[in-house]
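A short reminder: the numbers here are calculations on the coordinates, not readings from a lab. Because the structure is a prediction, the values reported are computed rather than measured. Cβ atoms come from the backbone with ideal geometry, glycine included; neighbour counts cover every protein chain shown.
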Amino acid sequence: MVNSKSYNNELKKGLYLVPTPIGNLGDITYRAIEVLRNSEFILCEDTRVSKNLLNKFEIKSKLISNHKFNEVKNLPKILGLLKDGKLISLISDAGTPGISDPGAVLVNECLKNSINVIPLPGPSAVTTAMSVSGFSEKYLFYGFFPDKEKIIKESMGPLSGLSYSLIFFISPKKINKNIPIIKKYFKGRKILICREISKFYEEYIRSTVDELNLFTKEPKGELTVVLSEKKINQKISQILSESDKRIIEKMIYKLSTKEITDLISQNSKVSKKDIYDYCIKLKNEK
């Protein structure tokens, strides 16, 4: 066990971004516990949620409520404490601060004021879901699935054309509303819906987008949804076989170039353009 008092002397003063478990409290890191234990103040979304974690690990640091509705109002007070040399940690209810959770506003202000910002690695629903998906490791994280129709059209259209795995957070209250949108824009992909990650009732629902059905009842727990990469069908370039050439030569004056092209392409992987070009070449040679 590291002595908290001596450990405190080794820590830089500033703002620490401390990830907290997304479900199982055992996922917290030893370093996260020590930083929180040595913080003079801990900024948290919901003090009731955070107290469950802090009490388990006997962390007595003072809590300051800091959520999306008051984070701007809190800035002067928190910046003042940081400028006075206080060691402060920022946590969210679950996961990594600033990732679809409060944090970015304060981080940017700290950077403007040359205040140290120290991130700790730790739990994240994004990487956890991605690791179990089996999809392409090249992925894009969008955040919470958009609600407004205009934003859906502006973002889903371009995203549907990218050959990357895609990750969204979706509220269980909105999943059935979002499924038809997913089916519209992401046909042909595989989908993984992660529910209650690392908790007792965790569930991983695998399907294809085309076969995905609505939930018969609202699922419990936040959902992390992963879509597989887009499969780009690249037609393998083929050349005309000798038998195809002989057939074309026999028909070159009996049928039109279009008729020959349509006929040969029915039983060949050669592109219609190549067949057409060969017909024109023959006619020019005669």
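A few points about this structure:
- Using the Karplus relation 6.51 cos²θ - 1.76 cosθ + 1.60 with θ = phi - 60°, the per-residue 3J(HN,Hα) values for segment 92-99 come to 10, 4, 6, x, 9, x, x, 9 Hz, with x marking Gly and Pro.
- Other-chain or far-sequence residues with amide H under 5 Å of Leu90's (modelled H): Tyr16, Leu17, Val18, Leu43
- Calculated from the structure at hand, volume of the Cα convex hull per residue in Å³ is found among [x] 219; [y] 133; [z] 161 as [x].
- Which listed pairs, of Lys60/Lys173; Lys68/Lys199; Lys56/Lys77; Lys148/Lys231; Lys183/Lys220, have C-alpha distances above 32 Å, in listed order: Lys60/Lys173
- About the Cα centre, charge dipole magnitude for the chain (Lys/Arg +1, Asp/Glu -1 at Cβ), debye: 600
- Between Glu58 and Glu285, the simple spin-label model (points 7 angstrom out along Cα→Cβ) gives 9.1 nm.
- Glu10 versus Ile152: modelled label distance in nm, points set 7 Å from Cα along the beta carbon direction: 5.2
- DSSP assigns beta bridges within segment 1-132; of those with both partners inside it, close to 5 percent run antiparallel.
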